[in-house]
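In what follows, a structure is listed as structure tokens, so that the remarks can point back to it.
What follows draws every value from the coordinates through simple rules; no lab data is involved. All of these numbers come straight from a predicted model, not from anything done at the bench. When we count neighbours, we look across all protein chains shown, and the Cβ atoms used for this are built from the backbone with ideal geometry, even at glycine.
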Amino acid sequence: MSLELISPEAIEQLAQQYGYWAIFLGILLENLGLPIPGETVTLAGGFLAGSDQLNYWWVVGDAALGATIGGNLGYWIGRYGGWALLLNLGKLFRIKEAQIEELRRQFGENAGKAVFFGRFIALLRIFASPLAGIAGMPYWRFTLYNTVGALTWATVMVSLAYFAGQIVPLEKLFTLASQFGVVAFLLVAAWIVVPFWLESRKSKQLVAESAKGNAIVINEAMGQQDKEPNLNKD
């Protein structure tokens with residue numbers, strides 16, 4: 001799943017024409033939040049390596065380096081300006097600051113997993129690094145997960161295209177990768193949104209029950225006051 005502004009055919013042509021630079025810049029720019037299909041560029045690089053047009057190890061190193069540098073830049077953008085931007089977006093969508101703070105806390109608890117496994121999910125790959133910066137994830141810890149995740153992701157993607165590309169057309173690989181990204185994104189979205197929704201629903205129920213309890217107490221108190229004058233008359 002990626003916000004592609006370039007057709008798969010054009011991506012393949014770019015990879016053929018500019019080789020390693022196209023792979024490096026494609027994934028680096030994607031990690032900075034730009035709608036560049038870095039994963040597709042990487043698959044194209046692996047496919048070209050499988051047909052001996054590019055060197056396999058250079059493609060892996062290129063993709064890993066672009067992902068690592070892009071992730072680091074995204075982290076520092078999030079660290080120094082992301083929180084203010086997130087609050088402004090929250091106001092735009094009428095999300096309370098307390099709710100955004102809770103989301104930041106929850107992401108912080110799972111930041112390492114998000115940075116590592118997010119490499120395999122297009123939208124999360126774009127936003128995981130800035131969110132890690134916003135959540136205040138220690139830089140040394142981020143660097144570890146980011147670097148290992150980038151190398152793992154690059155190796156898997158390039159190897160997939162390198163070997164499968166010999167029996168499956170490149171366009172089919174693009175389609176399969178996109179479908180996998182959609183499913184993975186929906187699962188991650190459910191993992192994040194459902195607990196938050198349940199917690200919000202639980203809070204509303206508690207508020208409603210509390211209000212109901214207060215109303216009962218007030219009614220009982222008023223009823224008691226109404227009885228007292230009658231007792232005095234007797």
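Here the simple spin-label model places points 7 Å from the Cα toward Cβ, and for TYR80 and THR152 these points are separated by 3.0 nm. May I ask for the net charge around GLY136, where only other residues with Cβ less than 11 Å from the Cβ of GLY136 are counted and Lys, Arg are +1 while Asp, Glu are -1? Counting the neighbours of GLY136, the net charge comes to +4. When the alpha carbon gyration tensor of segment 16-56 is reduced to an equivalent ellipsoid, the three semi-axes, largest first, read 20, 9, 7 Å. Full extension of the segment from ASN110 to TYR139, taken as 0.36 nm per residue of separation minus the current Cα-Cα distance, would add 9.0 nm.
Ordering GLU101, GLU109, GLU39 from the fewest to the most neighbouring beta carbons within 10 Å gives GLU109, GLU101, GLU39.
Estimated at 0.36 nm per residue, the fully extended path between ALA10 and ASP52 surpasses their Cα-Cα distance by 13.1 nm.
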